[in-house]
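Let me begin by presenting the structure, written as C-alpha cells, before commenting on it.
The values are calculated or read from the model by the stated rules, or taken from the named source; none is laboratory data. Here the structure is a predicted model, which means the values were calculated and not measured. Neighbour counts are summed over all protein chains in view; Cβ atoms, including those assigned to glycine, are modelled from backbone coordinates with ideal geometry.
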Amino acid sequence: MRESLSPWSSLILPLVALLLLWTGGTGFIMLAITALLWGLSLFFLWWRLTDVQEPASVERKPNPAEQERALRHAIESALEPVASALLITTRQRILFANAAAREALGGHIVGQDPRIALRHPDAFNLLEAPESDQGAVSATIPGLTRSGSLWQLTRYTVAQGQWIIEAKDRTSEADISRAHTDFVANASHELRTPLSSIIGYVETLADAEGAMEPAITNRFLGTVLREAKRMQSLLIDLMSLSQLEAEKHDAPTAEIELGALIARVVAEFAPPPGCAARVELERGETPFPVTGDVKQIEQVVRNLIDNALKYADADKLVSVALTADARGMAKLTVQDRGPGIAADHLPHLTRRFYRTDPGRSRAAGGTGLGLAIVKHIVERHRGKLDIASTVGVGTTVTIALPILVKKA
Amino acid sequence: MMAEHTVKAFDAEITSLRGLIAEMGGLAEMAINESIQALAKGSLSMAEAVIARDARLDKLEAEVDRLAIRIIALRAPVADDLREVIAALKIAGILERIGDYAKNIAKRVSRIEERTRFEPLTLIPAMAEMAADMVHDVMTAYAARDAALAVEVIERDAKVDAFYDSIFRNMVSFMVENPSTITSAAHLLFVARNIERIGDHATNVAEQVYFAATAEYLADRTERPMN
C-alpha cells in the first residue's frame, strides 16, 4: 500500500545505516551492508517521492485476520442496504444476512445452518450443487416465506465453499401471470355465454323447419340479434383494452379542448324528439386545453355517461360538469342519482369483469369492461380517477386531467 | 440467540442438528403440498415422486438420532442445550410421521375414480393448505425459537379440526346420495383424516418448540371429542 506510507519514513533506513557506521562497524561485510541499506533507502525514497501527491497516512502492516475482518465489514456494509435479499453463507453457517434478507427470512437466521433459513428441498439442492466455473446457479422456490410466495434463489460462489445467495421475490410476477390466465378464462366465459344462447335459439328455429308461429320466431330472432350484438361490443371492448395495454407507456401528444369535446359527446345522448333530456351539462366559458387522444377521451366520457344512464332510474337526471381545481387540473364529474354502490365494492370497480350485480349488468348490456377501459385511458393521460358513492343517493365519478399550460 | 460454547465443535454440532431438523421440515411441507397437488390433478407420477422422496425423510430421522445421541454421549449437554437436543429428537420423529401421512395421501391418488365429477375433492386442497401452513409456521417458530408463534400455531389447529368435521359431514351425505362413488369417497375421507392428523402433529411440534424455548410445558389441551 504505497499511499499509506509517508515518504519521509524512508529516511529511517539511512539513519540506521549511519548508526551502524558510527557504532564502529568495520570490515568488508559491515561496509557492504551499509552500502546496501543506503542503496535501498535511496530507491525507497525515490519510489515514495514519485507518488507523494497521494494522501499519506501512518505506516502499519495489517495482519491477515484483521485485514479479512475489515474487508468483510466493508463488504457487509455495502450489501446491507441493497434492496434484494442477500446472504453470505457457507455450507455450515450463515455468516451474514442483509436487511432485506432479515426482513424476508427473519433476523434469527444469522449464525444458523443455511437450511434453517432455506428449508425447501429445492433450496437445499441449490446449496448442495457443485461449484461450477460459471459461478452462479439458480432455482425457483415456491412457498419459501409463506404459502403462495415464489422466490428465485441464485447462488454466486465468492470463494471455495463460500457463497452469496441472492433471493428475489417473484410472487407478484407470478400473480400477474395468474391474473393474465384468469383474464383469458373470464373473457372466454363472457364470450361463451351469449354464444351458447345464440346456438340454442338458432337450433330451435332450425328444428322447427318454418312451422313456428311468426311471433315466436321474431322473438327468438330478436334474442339472437341482441346476444350477437353483445358479443360484438365485448369484442370491441377487448380490442380497445389490449390496444391500451400495448401503448400505456407512451403518453398522448395531441392538444385537445376538453370543453368542446364533452359538449360533443353529451350531444350524442340527446333524447329523441318529444322526450325529456336525461343528461345535463354544466361548464364554464373558459377553455380547458389538455394533452390527450381525442378518441380515447371521448370513449371515457361516453362510458361514464353510459354507465350513469344504465344504472340509474330512467326518470333521474345525470349531471356532467367540467371545472378547474386549484392545482391546475381539469375536473370532469359525472353524477347520477341512482341506487349507489356499497363501499366494499368500490375498490374493485375498475377490475375487468367485476360486477356488483351480474344479472342486472348483463340485462343492461354491460360488458364488464367499461370502467377498466376508463381507468387505463386515464392512467395513460397521467390523470386521476375517483369514484365516490353513497347508497341511496347516487354515484359520482371524477376524472382529473392536467390542464395544458401554454408557454408564452 | 444462544450463547457460544467454549468448545466450538459443540456449537457446530447443535447448528448442524438444527439444520437437519429444518431440512426435514422442508421435506415434510413439500410432501404435503405435492401429495395434495397430485390428488387434485390426478397426477400419478407426482404421487410416485412423493412416495419415493419419503425415504429421504426416514434417512434424515436416523441421522438426527445418531447426531443427538453423539452429542449427549460426548458433550453431556445441560439446560437449554439438553432441551434443544431432546426437542430435536422428538420433532424428528413427528416430522417423519407427517411425511408418512403425506405418503399415505399420495398412495390413495390412484384409487380415486372419476375425479372431474367428484365434488368433495374441491374442499380437500383448502384444508390441506391450512395444515401445510401450520407445518411451515411451526418450522419457522423452531428456526426462530419463537414460543409465541408456536402457541399461535397450536391455536390454529381448531380450524383444521372444524374443517375436518365439515368435510366429514359433507362426505357422508355425498356417499348417501351417490352410492356408486363410495370407494372413492371413503379414500377421500381417509385423506381428510390424514390432513387432520398432520395438523395435530404440527401442534405436537409446536409444543416441543415451546418447551425448548421456554423450559416450560404447555398446559395439556383438552382432547377434541371424536366424531
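For the reader, a short list of remarks on this structure follows.
- B:PRO125 meets all of the listed conditions (1) within 14 Å of chain A (Cβ to nearest Cβ); (2) modelled with pLDDT of 85 or more but one, namely (2).
- B:ALA92 passes every criterion in (1) assigned to a helix (DSSP H, G or I); (2) away from chain A (no Cβ under 14 Å) apart from (2).
- Verdict on B:GLU63 being part of a helix (DSSP H, G or I), away from chain A (no Cβ under 14 Å), within 23 Å of the chain's Cα centre (by Cα) and farther than 18 Å from A:GLY111 by Cα: no
- If the condition is being in contact (Cβ under 8 Å) with a residue 40 or more places away in the chain and farther than 14 Å from A:VAL279 by Cα, then segment A:290-317 contributes A:VAL290, A:THR291, A:GLY292, A:ASP293, A:VAL294, A:GLN296, A:ILE297, A:GLN299, A:VAL300.
- Unmet requirement for A:GLU54, which otherwise passes all of (1) loosely packed, with under 15 Cβ neighbours inside 10 Å; (2) at pLDDT 85 or above; (3) of a type in the set (D, E, K, R): (2)
- Screening B:GLY25 against (1) within 12 Å of another protein chain (Cβ to nearest Cβ); (2) at pLDDT below 90 leaves a single unmet condition, (2).
- So B:MET139, is it within 14 Å of another protein chain (Cβ to nearest Cβ), under 23 Å from B:ALA40 (Cβ atoms) and buried (at least 20 other Cβ atoms within 10 Å of the Cβ): no
- Across segment A:181-194, a minimum of one residue is classified as within 30 Å of A:ASP122 (Cβ to Cβ) and of a type in the set (Phe, Trp, Tyr).
- Residue check, B:ASN104 more than 18 Å from the chain's Cα centre (by Cα), in a helix (DSSP H, G or I) and touching a residue at least 12 places away in the same chain (Cβ under 8 Å): no
- Residue in segment B:162-170 that is surrounded by fewer than 19 Cβ atoms within 10 Å (Cβ to Cβ), more than 21 Å from B:ILE112 (Cβ to Cβ) and not hydrophobic (A, V, I, L, M, F, W, C) present: yes
- Of the residues screened, A:ILE341 is not one that is within 29 Å of A:MET239 (Cβ to Cβ), β-branched (Val, Ile, Thr), in the same structural domain as A:ALA263 (by TED's automatic domain parsing) and assigned to a helix (DSSP H, G or I).
- Check on B:ALA144, crowded, with 17+ Cβ neighbours inside 10 Å and touching a residue at least 24 places away in the same chain (Cβ under 8 Å): no
- Where strands (runs of 3 or more DSSP E) fall wholly inside segment A:63-149, the ranges with 3 or more residues that are without any contact (Cβ under 8 Å) to a residue 40 or more places away in the chain are A:94-97, A:136-142.
- So B:GLU13, is it more than 14 Å from every other protein chain (Cβ to nearest Cβ), touching a residue at least 24 places away in the same chain (Cβ under 8 Å) and part of a helix (DSSP H, G or I): no
- Sub-6 Å Cβ pairs linking a first residue in segment B:41-60 that is crowded, with 17+ Cβ neighbours inside 10 Å to a second residue that is of a type in the set (Gly, Ala, Ser) and modelled with pLDDT of 90 or more, at least 6 apart or interchain, are B:ALA47/B:ALA106; B:VAL50/B:ALA31; B:VAL50/B:SER35; B:VAL50/B:ALA106; B:ILE51/B:ALA106; B:ASP54/B:GLY99; B:LEU57/B:GLY99, ordered by first then second residue.
- Given (1) closer than 27 Å to A:VAL110 by Cβ; (2) touching a Gly at 6+ places or on another chain (Cβ under 9 Å), index of the condition A:GLN162 fails: (2)
- Taking segment A:277-326 as the range and being within 28 Å of A:LYS248 (Cβ to Cβ), basic (Lys, Arg) and crowded, with 16+ Cβ neighbours inside 10 Å as the test, the residues that pass are A:ARG302, A:LYS310.
- Cβ-Cβ under 8 Å pairs, at least 6 apart or on other chains, segment B:186-200 side surrounded by 24 or more Cβ atoms within 10 Å (Cβ to Cβ), far side among the acidic types (Asp, Glu): B:GLY199/B:ASP157; B:GLY199/B:ASP161
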